[in-house]
Amino acid sequence: MPFIPQVPGSAPEVRVRDTASGELVPVAGGDSVTVYVCGITPYDATHMGHAATYVTFDLLGRVLRDSGHNVRYVQNITDIDDPLLERAERDGVDWRDLATREIALFREDMTALAVIPPDEYLGAVESIPTFVAPIEKLVADGWAYAVPAPDASREGALDYYFDVAKDPRFGSVSHLDESGMLEVFEERGGDPDRVGKRNRLDALLWRAHREGEPEWDGGSLGSGRPGWHIECACIALDHLGVPVDVQGGGTDLVFPHHEMSAAHGRALSGASSFAGAFVHQGMVGLDGEKMSKSKGNLVLVSTLRREGVDPMAIRLALLARHHAHDWIWHDDQLVEAQQRLDTWRKALSGNGGPVADQTVDDIRAALADDLDSPRALDAVDRWASQALTRGGDDPGAPGVLGRALDALLGVRL
Ligand code: ZN
């Protein structure tokens, strides 16, 4: 946890746009706010889309702390999954070495971008023993069922699936109809055509061991490995309790991942909702397409850092876009961010400036309004422009504003 300066004045209540209700809702919770954000699958380096997501939830943590909350932030790492195994196989490396390398690079990138680390950062692999009993419970309670796995390494082995038809609230996160769900299910890790499933949308909870794949003890489920969605449901339940106040991730996780983990989490906990608010980061594109590993159109944080780009300029380029909107990355945005950073540095290095209290209030108000970072940056621009053109006679103003930029926006000058 880095040192976060105190900012004078008081902070307004933080509101976020909840995907499930479509409403702007206050972030609930008492003194303590729980935030669960879905982490990376560590098979490739951090691109701008990931960076935007983790900077957004870093911003949320910062404004919640500023408004007096104690933030409990948990993030997982999907360090066992099909894409990781496929990439390791393609590159001829051990999947564990690939994961270890990419996790280390991710953490380096996050540190450079001044992202405050989560309180708990949990790998799926280390957590597998804690998934088995909940899956067994889902089976025992009738939420899940077995499907024979004739291609498994052992005769009579079974895969386990969650029965979405048992859940009256299924669909309450994404509000997609069945055809909308089926459209993205397969592309995002689902297996609609698996023979023996009751419903094409049923999600895998436990996969029996296949030859050539890693395996873990699954108790009565038999040896194998967990499905993706149950991991987040169990980690959130174990480490934060359900409902969490905020469940976060990119918009590509709304369905199936957040819909399914919410369904699993409700089934396990009996809670009527998995999260007080589902907050989603828009997709970052390049050349008109979503930035993604499968398309190969990535701008990597680590590449920019290697090229000598100031990580604070990368952070400012991300903050210049509202988190809820999709946007297209252009190199010009980095140039503009660097210019903005230079202007701010110059304005804040003077002996005094215009009184900054209103600017700090404006930053707080913008961020409390669904993390409107572009509006917060505009407020700083106005102060900087005044300071550079007309000066100011408050000797404490640059210090106050500098601390606010550090604490609230995570921008260190
Ligand atoms: Zn997740």
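In the set (1) more than 16 Å from the ligand (Cβ to nearest atom); (2) more than 13 Å from Ile40 (Cα to Cα), the condition left unmet by Arg107 is number (2). Checking each residue in the stretch 230-251 for being under 24 Å from Ala51 (Cβ atoms) and either over 18 Å from the mean Cα position of the chain (by Cα) or within 10 Å of the ligand (Cβ to nearest atom) (or both) picks out Glu231, Cys232, Ile235, Ala236, Gln247, Gly248, Gly249. The single condition among (1) within 16 Å of the ligand (Cβ to nearest atom); (2) touching a helix residue (DSSP H, G or I) at 6+ places or on another chain (Cβ under 9 Å); (3) under 23 Å from Ile230 (Cβ atoms) that Gly49 does not satisfy is (3). Does Arg207 qualify as being in the same structural domain as Gly249 (by TED's automatic domain parsing), assigned to a loop (DSSP other than H, G, I, E, B) and more than 14 Å from the ligand (Cβ to nearest atom)? No: the conditions fail for Arg207. If you go through the stretch 210-246 and pick out every residue that is farther than 12 Å from Asn76 by Cβ and not in a helix (DSSP H, G or I), you end up with 20.
Restricting Asp370, Asp362, Asp331 to residues that are farther than 30 Å from Leu300 by Cβ and either crowded, with 17+ Cβ neighbours inside 10 Å or under 25 Å from the mean Cα position of the chain (by Cα) (or both) narrows the list to Asp362.
Would it be correct to say that Ile103 is surrounded by 21 or more Cβ atoms within 10 Å (Cβ to Cβ) and touching a residue at least 24 places away in the same chain (Cβ under 8 Å)? Full working, then the answer.
Details: surrounded by 21 or more Cβ atoms within 10 Å (Cβ to Cβ): no; touching a residue at least 24 places away in the same chain (Cβ under 8 Å): yes.
It is false that Ile103 is surrounded by 21 or more Cβ atoms within 10 Å (Cβ to Cβ) and touching a residue at least 24 places away in the same chain (Cβ under 8 Å).
Within the stretch 210-227, identify whether any single residue is outside the structural domain of Leu371 (by TED's automatic domain parsing), closer than 25 Å to Val27 by Cα and either modelled with pLDDT under 95 or surrounded by fewer than 19 Cβ atoms within 10 Å (Cβ to Cβ) (or both), and answer yes or no. Checked the stretch 210-227: no residue is outside the structural domain of Leu371 (by TED's automatic domain parsing), closer than 25 Å to Val27 by Cα and either modelled with pLDDT under 95 or surrounded by fewer than 19 Cβ atoms within 10 Å (Cβ to Cβ) (or both). Within the set Val132, Val195, Val147, Val139, the sole residue that is modelled with pLDDT of 95 or more, assigned to a strand (DSSP E or B), hydrophobic (A, V, I, L, M, F, W, C) and over 29 Å from Arg17 (Cα atoms) turns out to be Val147.
The values are calculated or read from the model by the stated rules, or taken from the named source; none is laboratory data. Please read all numbers here as calculations on a predicted model, not as lab measurements. FYI the Cβ positions are ideal-geometry reconstructions off the backbone, even for glycines, and counts take in every protein chain you see.
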